[in-house]
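Have a look at the structure below before the remarks.
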Amino acid sequence: PAAAPVRNKTRIIITSCPLANDVHNVRRPCLKEKTMTSSRSTVDELLERELRRESFWVETDESVAPTRLNAVWRRKVVHWYFTLVAALQRQHSSTVQSPGGDPSVNPFSRYSVHVTASLLDNYLMSLPSERAIRFNHDRPAYQLLATTCLLLGMRLAQHDQIKEARQREASTKQQERGLNESPGGLKRAKTHRTNMNEASASTSSLADSNSRVAIPNAATILRISAAPKSISEQHILSMVREMTSSRSFPRSKVVTALDFIHVLSGTDTHVSDSGDGSTISLGPDDAEEACRLADVLLRDASVLGRRPSLVACAVITIALSRSNRVNLNMASLRDKVYHSVYGNADDTDLQFSIRKIESKLFRSIQVGLPSPGDRQVVRTTHLIPLEDE
């Protein structure tokens, strides 16, 4: 006998779903509507987490930023992050892509680079001005900090990926049992980070059946990056302890622009309106373009302090404007992307910030920044060159 209809508080518009007339979907909530509701919930949770750490994303003006950040060094270090992570990805490709592991748990991905850059920026911005100035002028100190951030960034990325994989697994099991309520996306993630200061270990203590990838330890990172002799394993371990005990170190998931892009990604690209506002979905090619644009912005120190959701809106808007699957003008796209992330309420300050980030991105594209996705084999030497400074 047919199962009794499941009542859901979410308003279901059956006629708007192409699966509504499928015999296998009779008397069930529309798959697309359930997906839209889940995406909206996850975006809201990301925004909530983002606001919790807003105190570390200080909106700095041009007179303050140069005292805390060396934009030239930062740009080169971020490029080095992408290069080294790509090299590690190639080195561990057989393990990362193995059938027995979860493909979403990959510490050698662009997500690790975004987490690493967040650690670097937040730490420098949280320091007293005199200590920040030291890192701005002391090359070995900056190199030590950058190397430490990479080690911690890969561990944090793997930590978050494993937790999210477990949540997806729990959600799938609930759906198989016929339960109507989801586990709530990111809400089940614990905020306590364990063993992050044990950087001498070759693998994360969180590694389990979801991930068999061993994250390099401090000694390995120093070896493969040809770090200067002034940086030793003990220096890194000391810096790890200092960073993990600092006020700026994240106690919960590090939210990046990539998280918003991931939530708004699907099997194909479409932009539409629903009863609850605008909805967008990025197909694989357009999602990759949005991620690539986010990689470009990550190198730009002038974007520091902008909320990841703002960066996501800017890169998604430009990615869709370049897509041959969408036929809308820039103003309409910007409006629909904004409402897909922030809901129906309009905030002129947020909208102005998005347009400002778009302008910065267009300038970055015009000067021809190299694509982080370039798969050419390049050297991974960890040096901040003297030239071009």
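The values are calculated or read from the model by the stated rules, or taken from the named source; none is laboratory data. Keep in mind it's a predicted model, so treat the numbers as computed, not measured. Every residue, glycine among them, receives a Cβ derived from its backbone with ideal geometry; neighbour counts consider all protein chains shown. Surface areas here come from the heavy atoms of the whole protein model, side chains and all, with no ligands, DNA or RNA. Shrake-Rupley method; radii C 1.70, N 1.55, O 1.52, S 1.80 Å.
One line per residue, one yes/no per condition, for (1) crowded, with 20+ Cβ neighbours inside 10 Å; (2) modelled with pLDDT under 85; (3) under 21 Å from THR244 (Cα atoms):
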| residue | (1), (2), (3) |
| --- | --- |
| LEU124 | yes, no, yes |
| LEU127 | no, no, yes |
| ARG131 | no, no, yes |
| ASP138 | no, no, no |
| GLU176 | no, yes, no |
| HIS192 | no, yes, yes |
| SER202 | no, yes, yes |
| ARG212 | no, yes, no |
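Could you check region 318-339 and list, in sequence order, the residues that are assigned to a loop (DSSP other than H, G, I, E, B) and either open to solvent by less than 30 Å² (accessible area, probe 1.4 Å) or in contact (Cβ under 8 Å) with a residue 12 or more places away in the chain (or both)? Give the steps one after another, and end with the answer.
Here is the first cut: in region 318-339, the residues assigned to a loop (DSSP other than H, G, I, E, B) are 322-329.
ARG322, SER323, ARG325, VAL326, LEU328 - these are the residues of region 318-339 that are assigned to a loop (DSSP other than H, G, I, E, B) and either open to solvent by less than 30 Å² (accessible area, probe 1.4 Å) or in contact (Cβ under 8 Å) with a residue 12 or more places away in the chain (or both).
Pull up region 300-310, narrow it to residues that are assigned to a helix (DSSP H, G or I), out of contact with any Leu (no Cβ under 6 Å at 6 or more places or on another chain) and open to solvent by 10 Å² or more (accessible area, probe 1.4 Å), then point me to the one that is farthest from VAL77 (Cα to Cα).
PRO308
Any residue in region 340-362 that's on the phi < 0 side of the Ramachandran plot and touching a residue at least 24 places away in the same chain (Cβ under 8 Å): show its pairings with residues that are surrounded by 15 or more Cβ atoms within 10 Å (Cβ to Cβ) and of a type in the set (Asp, Glu) at Cβ separation under 7 Å, as long as the two are six or more apart or on different chains.
Qualifying pairs under 7 Å: LYS360/ASP300.
Does SER94 count as surrounded by 15 or more Cβ atoms within 10 Å (Cβ to Cβ) and at pLDDT below 90? Write out each step before concluding.
Working: surrounded by 15 or more Cβ atoms within 10 Å (Cβ to Cβ): no; at pLDDT below 90: yes.
It is false that SER94 is surrounded by 15 or more Cβ atoms within 10 Å (Cβ to Cβ) and at pLDDT below 90.
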